[in-house]
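The values are calculated or read from the model by the stated rules, or taken from the named source; none is laboratory data. For clarity, every value in this text was computed on a predicted model and none was experimentally measured. Ideal geometry is used to build each Cβ from the backbone, glycine not excepted, and the neighbour counts take in all protein chains shown. We work out accessible area using only protein heavy atoms, side chains counted, and drop any ligands, DNA or RNA first. Shrake-Rupley method; radii C 1.70, N 1.55, O 1.52, S 1.80 Å.
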Amino acid sequence: MEPLTWTGGLGTFLVPLFYLFCAIGALGVIALFVLPLVIAEDTSGAAILKRGPSDHAASVIQWAFLGLVGVLVIYTVVAIFGPYGIGGIIGEVGARFLPVWIALIVTFALSITFKRKLGLYGKLFDSPIGMIGFGLVMFWVFTAIFADLVMTHDPLSQVSGMKNKKPGHPGGEGLVGHYLLGGDALARDVFSRMVKGSQIVITIAPLATLFAFMVGITLGLPAGYFGGFFDTLLSFLANLILAFPVILLFYLLVTPEIVLTGLPTFMAMVLFLFPMIFLIILFNSRYFIKPQKRNLLIAGVLIVGFALYLSLISDQTRPQPLWVDFVPASLDLFNIPGGILIVFVSVVFVNSPTVFRIVRGLVLDIQTRDYVAAAQTRGEGPWYIMLWEILPNARGPLIVDFCLRIGYTTILLGTLGFFGLGLPPESPDWGTTINAGRRLLSAFPHPAIVPAVALITLVLGLNLLADGLREESLKD
Amino acid sequence: MGSFILRRLGVMVLTAFCLTFIVFFMTNLFPNLEKLAKTQGNFRMSEAEVTSWLEDRGYLQPTLVKYAEWVGVKPGYLTVDAENDRYVGRCVRPGVALEDTPRYCGLLQGNWGFSSVFKEGVSDIVWKRLGLTGYLMFWVMLVMVPGALIVGVLAGMREGSRTDRTLSTFSIASTATPEYVSGVIFIAIFASSAFGLKWFKGSATKAMEEPTLENFTLPVITIALYGLGYIARMTRASMAEVMTAQYIRTARLKGVSFRNIVMKHALRNALIAPFTVIMLQIPWLLNGVVIVETLFNYKGFGWLLVQAAGNNDIDLLLACSVVAVVVVLVTQLISDIGYVFLNPRIRVS
C-alpha cells in the first residue's frame, strides 16, 4: 500500500489556500502591532465610534483564522464522504474524530439555543474566548468518551516493521491501513496512544482537582471563619507543603518503594474521608430542623460513601496486606492499581494547600458582609453560615480557579509522566509518551510532538475557559 | 521591622527543620534503604545480607537518632572491626585514618555528609552544580523579567483594547505550555533533522563549559516562556488598576500626554506588585529548572536533585532539599520586605 501524504489528493488545490490564509493572518498580526505606532492615535470622542486601523487588522486576522479552519473542515468533510486516503493524513485524522465532531456540534447548538436559560454556563457563549476554550476542553472530553471509536489501532500492540515510522506509513492491522501519525520507538501507533491517553488525563485530572477542592474547602472554611490556633496550625502546614519543590515531593512520594510501605494508602484513607465529611456537614447544617430528611440524606451519603471509600482504599491482591485489605471481597467493588492511586493521592496532596489558602482568604473577605451578620443574628449555626451563606457567595472565584487548577493538575500529571514516576512505562498517558519520545527527539520528533500538542490544547482550553468565565462572571 | 524579620527567620528555621525531617523520614523508610543497599552493595543480596549491610552502616538506628546525627548534636555512628582493620560510619571518609575521623559530623559542624552516588563530599557537589544553575537562572531572568514587564505594561495600559486582548491571549498560551512540552516542541522545530532547521543544539551538555548562543538559547527560552505569561498577567492587572486611579485621571485632564502618563506616573506604582510576583516565581522556576536540565542534559542543580532522588542518595537529597527550601523561604522574605520598602503606604505592624 502507498504511504499517505499529509494532504492527499486535495493538496494541489488546498495547500496554496492554506498558506495564503497563514500569510494573511501573519500580515494582520504584524499590522496590529505596527499600525498604532505609525499612525497617530485619534483620541477624540468620535474615534470610539469609527473603526480604526487596528480594528481592520483585527478583522483581517479573524477572517484568516476562519479561512484556515474552513480549509481544515473541507479536508475533514471530503475525507469523511470521499474514498479512503483522498484527504491525506490531515483529512483522515479529522475523519477519525467524526463522533467527537457530531457531539461537539450538538452540544454547541443546544447550548447556544438555550443560552439565556443556562445561567453562567450560558453566558460563556457570549464570549468568543470562552467559547474557544470550552470547545477545546469538550473536544478532549468527547475524545475520551468515544476513544474506542476514534482509535485506529490497539494502543499497546507492537507491529514489526513500524518502529519510528513517519506519519502515514502503511501497515498495522487496524481500522485503517496506515499509522496515521506514525509509529513510536516500540512500533506502536502514535495516534491511537494519544487518543487512549486522553482517557487517563480526562479522568484523573478533574477528579483529583475535585478531591483537592473538597479537602481545601472542608479545612479552609473553619480556618478562615474561626481563626485562632486551628487556623495558625493549618496555615503553617499548608505553607510547609507549599515550600516543598513539587518535583522533590513527587520523587519522594511516587516511587515503587513508597507504594510498598503502604504510605499512599494511608494518605488516601485520610484524603478520601474529606468528601464524605463535607457532604455530611453540608446536609446536616441545612436540614438540621427537618430530622427525617436529614437522616435519610446522611444515611445515603454514608452508605454510598463507605462503599466507594472501602473499594478505593482496599486491595486484596496487595503483596503485604494492610488492615484495610481484610474487608470482605463483596464490599470491595473495584481496585485501583497502586501506581494510579499514588499519582492521584499525591496530586490531590499538592493541590489542596493552595485551595485551602484561596478558600481561607475568601472566607476572611466574605465574613464581614452584612448577610453573614444577619445570619449570625438569626442564630444560625457556624457550619450553616460557612456552607450555605459564605460558600455559595464565593463560587465565582472558586469555579474559575477550578478550571485553572484542572489545567495545572494536567501539567502535574504530565510532569510525573515526564520523569517516569507512578504510571507504568507502557501507559499511553501524555506525560509518559512525551518521556518515551524525547530520547530520539532529534531524529524522530513525531512520537513526542503529538502528545505534547494534545496536552497544550487541553490546558490552553481550560485556561481560556477560565478566562471567559471570569470575564462573564464579573459582568453582573 | 527588626522583630518582623526575626519572627520570619524563626518560622523559616522551623519550616526548614520540619521539611528536612520529612525528607529524612521518607528516605529512611525501609524499602528505600533496601534499594540503597542493593544499589551500593550488590543487586543479588539476600534479605539477611541487606540487613547486615544496613546495620553495619548505622542505617537501622531509630530515625530520630539518625536525624540528630545528621544535624550534628549526636556523635556519628561508627563500627570498628579491629581484627580486619575495617571501620565504617557516618564520619568515615575514604583515605582518612580512624584517629583523624571526627566524632561529630553534622550540619552544625559544617559537614553536609557524603554522597553515595558521586563518592564525593555533598557540599562540593552542591556548590558546583548550583553555580551552573545560577548561570542558567541569570540568563532566564534577563530574558523573562523585561519581556514579561513589557508585555504586561503594554497590555495593561489600555485595558480591553486590541493590543490587550492579543497580548493577554499570548500570556495565557504561555502559562498553558509547561516546560516539557515547549522544550520538546522547540527541540523538534529548531534542532531536529525532521524539520531541517537545525539552528540550535538540542543538548546543553557543552554549555556547561562554554555556553554559546547555539547550545544555550533553547534551555533559557524554554524556562523563561513558562514564567513569562504569569508575570505578564500580574503586571497587566496591576497596571490596569493603576490606570483607573484618580491621580491618573487628574493627569489626563491636565493634558499630560499618554506617553508621559504611562512612563512617569503609572509605571512606578504599577511595578510594585510584579516585584513580589517575580520573587515568588523564583521557587516555581526551580521546577522548570529540574525539567529543562533533565531534558537538555545540563548537569546543574535540577539534574543533581533528580540523580539524588532517583538513587535515594540520602545526604545529597537532604542538602538539595535544604537548598530548595532556603530558596523558597528567602524569596518569600525578600518579597515581603521589598513590598514594604517599595510601597510607603504599607507599614509592617
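How about the stretch A:454-476: which of its residues are more than 8 Å from every other protein chain (Cβ to nearest Cβ), open to solvent by 10 Å² or more (accessible area, probe 1.4 Å) and modelled with pLDDT of 85 or more?
Within the stretch A:454-476, A:T457, A:L465, A:L469, A:R470 qualify.
In the stretch A:421-453, which residues are assigned to a loop (DSSP other than H, G, I, E, B) and either more than 10 Å from every other protein chain (Cβ to nearest Cβ) or without any contact (Cβ under 8 Å) to a residue 12 or more places away in the chain (or both)?
Across the stretch A:421-453, the qualifying residues are A:G422, A:L423, A:P424, A:P425, A:E426, A:S427, A:P428, A:D429, A:L441, A:S442, A:P445.
If you take the residues of the stretch B:295-349 that are more than 14 Å from chain A (Cβ to nearest Cβ), over 18 Å from the mean Cα position of the chain (by Cα) and open to solvent by less than 20 Å² (accessible area, probe 1.4 Å), which of them is modelled with the highest pLDDT?
B:G338
Which of the residues belonging to the stretch A:138-182 are open to solvent by less than 20 Å² (accessible area, probe 1.4 Å) and at pLDDT 90 or above?
Once the filter is applied, which keeps residues that are open to solvent by less than 20 Å² (accessible area, probe 1.4 Å) and at pLDDT 90 or above, the stretch A:138-182 yields A:W140, A:T143, A:A144.
Might you check whether a residue that is within 30 Å of the chain's Cα centre (by Cα), more than 11 Å from chain A (Cβ to nearest Cβ), of a type outside the set (D, E, K, R) and over 30 Å from B:V92 (Cβ atoms) occurs anywhere in the stretch B:243-266?
Within the stretch B:243-266, none of the residues are within 30 Å of the chain's Cα centre (by Cα), more than 11 Å from chain A (Cβ to nearest Cβ), of a type outside the set (D, E, K, R) and over 30 Å from B:V92 (Cβ atoms).
Would you check if A:V93 is within 30 Å of A:D189 (Cβ to Cβ), buried (at least 19 other Cβ atoms within 10 Å of the Cβ) and modelled with pLDDT of 90 or more?
no
How many residues does the stretch A:242-257 contain that are within 7 Å of chain B (Cβ to nearest Cβ) and in a helix (DSSP H, G or I)?
7
In the set B:T101, B:T166, which member is among the hydroxyl-bearing types (S, T, Y) and within 14 Å of chain A (Cβ to nearest Cβ)?
B:T166
If you scan the stretch B:240-287, which residues turn out to be within 15 Å of B:G152 (Cα to Cα), open to solvent by less than 40 Å² (accessible area, probe 1.4 Å) and touching a Phe, Trp or Tyr at 6+ places or on another chain (Cβ under 8 Å)?
Once the filter is applied, which keeps residues that are within 15 Å of B:G152 (Cα to Cα), open to solvent by less than 40 Å² (accessible area, probe 1.4 Å) and touching a Phe, Trp or Tyr at 6+ places or on another chain (Cβ under 8 Å), the stretch B:240-287 yields B:I272, B:T276, B:V277.
Being open to solvent by 30 Å² or more (accessible area, probe 1.4 Å), modelled with pLDDT of 70 or more and within 11 Å of chain B (Cβ to nearest Cβ), is that true of even one residue in the stretch A:32-41?
Looking for residues that are open to solvent by 30 Å² or more (accessible area, probe 1.4 Å), modelled with pLDDT of 70 or more and within 11 Å of chain B (Cβ to nearest Cβ), one finds at least one in the stretch A:32-41, hence yes.
Going through A:V215, A:V201, A:V190 one at a time, which residue ends up being of a type in the set (A, V, I, L, M, F, W, C), under 16 Å from A:A454 (Cβ atoms) and either at pLDDT 90 or above or surrounded by fewer than 24 Cβ atoms within 10 Å (Cβ to Cβ) (or both)?
Residue meeting the stated conditions: A:V201.
What is the one condition in (1) free of Cβ contacts under 8 Å to residues at least 60 places away in the same chain; (2) open to solvent by 50 Å² or more (accessible area, probe 1.4 Å); (3) not small (G, A, S) that B:Y226 does not satisfy?
Unmet condition: (1).
Taking the condition within 19 Å of B:F296 (Cα to Cα), of a type outside the set (S, T, Y) and either crowded, with 23+ Cβ neighbours inside 10 Å or out of contact with any Cys (no Cβ under 6 Å at 6 or more places or on another chain) (or both), does A:L441 pass?
So A:L441 fits the description; yes.
For the stretch A:381-402, which positions are over 26 Å from the mean Cα position of the chain (by Cα) and surrounded by fewer than 17 Cβ atoms within 10 Å (Cβ to Cβ)?
Across the stretch A:381-402, the qualifying residues are A:G381, A:P382, A:W388.
From (1) more than 30 Å from B:D313 (Cβ to Cβ); (2) modelled with pLDDT under 90, pick out the condition that doesn't hold for A:L263.
Going through (1) more than 30 Å from B:D313 (Cβ to Cβ); (2) modelled with pLDDT under 90 one by one, A:L263 breaks only (1).
Name the residue that is nearest to B:V289 (Cα to Cα), counting only residues in the stretch B:169-200 that are within 10 Å of another protein chain (Cβ to nearest Cβ), open to solvent by 50 Å² or more (accessible area, probe 1.4 Å) and at pLDDT below 80.
Result: B:K198.
Between a residue in the stretch B:96-119 that is within 14 Å of B:K74 (Cα to Cα) and any residue that is among the charged types (D, E, K, R) and open to solvent by 40 Å² or more (accessible area, probe 1.4 Å), which pairs come within a Cβ distance under 7 Å, given they are 6 or more apart or on different chains?
Once the first residue is within 14 Å of B:K74 (Cα to Cα) and sits in the stretch B:96-119, its partners that are among the charged types (D, E, K, R) and open to solvent by 40 Å² or more (accessible area, probe 1.4 Å) give B:C105/B:R90.
Could you please let me know if A:I132 is more than 22 Å from A:I456 (Cα to Cα) and either touching a residue at least 24 places away in the same chain (Cβ under 8 Å) or within 23 Å of the chain's Cα centre (by Cα) (or both)?
Spelling it out, it is not the case that A:I132 is more than 22 Å from A:I456 (Cα to Cα) and either touching a residue at least 24 places away in the same chain (Cβ under 8 Å) or within 23 Å of the chain's Cα centre (by Cα) (or both).
Looking at the structure I just gave you, is A:V201 more than 30 Å from B:W303 (Cβ to Cβ) and part of a helix (DSSP H, G or I)?
So A:V201 fails the test.
Among the candidates B:G121, B:G147, B:G152, which residue alone is farther than 30 Å from A:F33 by Cβ and more than 14 Å from chain A (Cβ to nearest Cβ)?
B:G121
Would you confirm, using the coordinates I've provided, whether A:F418 is open to solvent by less than 10 Å² (accessible area, probe 1.4 Å), within 11 Å of chain B (Cβ to nearest Cβ) and more than 30 Å from A:L118 (Cβ to Cβ)?
yes
Have a look at B:T101, B:T79, B:T51 and point out the one that is assigned to a strand (DSSP E or B) and either open to solvent by 50 Å² or more (accessible area, probe 1.4 Å) or at pLDDT below 80 (or both).
The match here is B:T79.
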